[in-house]
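Right, one structure below, let's go through it.
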């Protein structure tokens, strides 16, 4: 079992400070008045690509002050780690697969897996979706948002979004 000290070290690895502008533009002139001071803010660096072709375990679920959704600290089989946007029902010690292909096509696809739409079964619930490969997640990134894969055509998928 991994100790809490190791988890704290892994968390600090992905936290960077955000620099404030004080209302100044690229030339250094004040363009927006009244901006200044405030608390220091930290930015959590998130892996939006998820292309390691490995299984990973959720070590902790974190609150992110910059986003509405929760973050998960993932530790992979090769001892790499990263923050990801986590889906609704994932808990600590859940095992996730992240990659661009899956070796065993008969393997059950579970909640939180990351792979191309070609391998996903129809009517599966998806989140953090890319428009084009290797661009990064574009749709359904906020807290408790998802869409439904209702069809597949030649190299494309048809998604049903939750619009009211």
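Observations
- Applying the set (1) out of contact with any strand residue (DSSP E or B) (no Cβ under 9 Å at 6 or more places or on another chain); (2) part of a strand (DSSP E or B) to residue 16 leaves exactly one unmet item: (1).
- Residues in region 70-87 that are surrounded by 19 or more Cβ atoms within 10 Å (Cβ to Cβ) and part of a loop (DSSP other than H, G, I, E, B) were compared, and the one that is modelled with the highest pLDDT is 86.
- Looking across region 19-52 at every residue that is under 17 Å from the mean Cα position of the chain (by Cα) and outside any strand (DSSP E or B), the one that is surrounded by the most Cβ atoms within 10 Å (Cβ to Cβ) is identified as 50.
- So residue 90, is it touching a strand residue (DSSP E or B) at 6+ places or on another chain (Cβ under 9 Å) and either at pLDDT below 85 or in a strand (DSSP E or B) (or both): no
- Long-range neighbours under 9 Å by Cβ, at least six apart or interchain, first residue closer than 30 Å to residue 72 by Cβ within region 10-32, second loosely packed, with under 10 Cβ neighbours inside 10 Å: 17/40; 18/40; 20/37; 20/38; 20/40
- Residue count for region 120-141, restricted to those that are out of contact with any strand residue (DSSP E or B) (no Cβ under 9 Å at 6 or more places or on another chain) and within 24 Å of residue 93 (Cα to Cα): 0.
The values are calculated or read from the model by the stated rules, or taken from the named source; none is laboratory data. Just so it is clear, the structure is predicted and the values come from calculations on it, not from any experiment. As a convention, Cβ positions derive from the backbone with ideal geometry for all residues, glycine included, and neighbour counts pool all protein chains shown.
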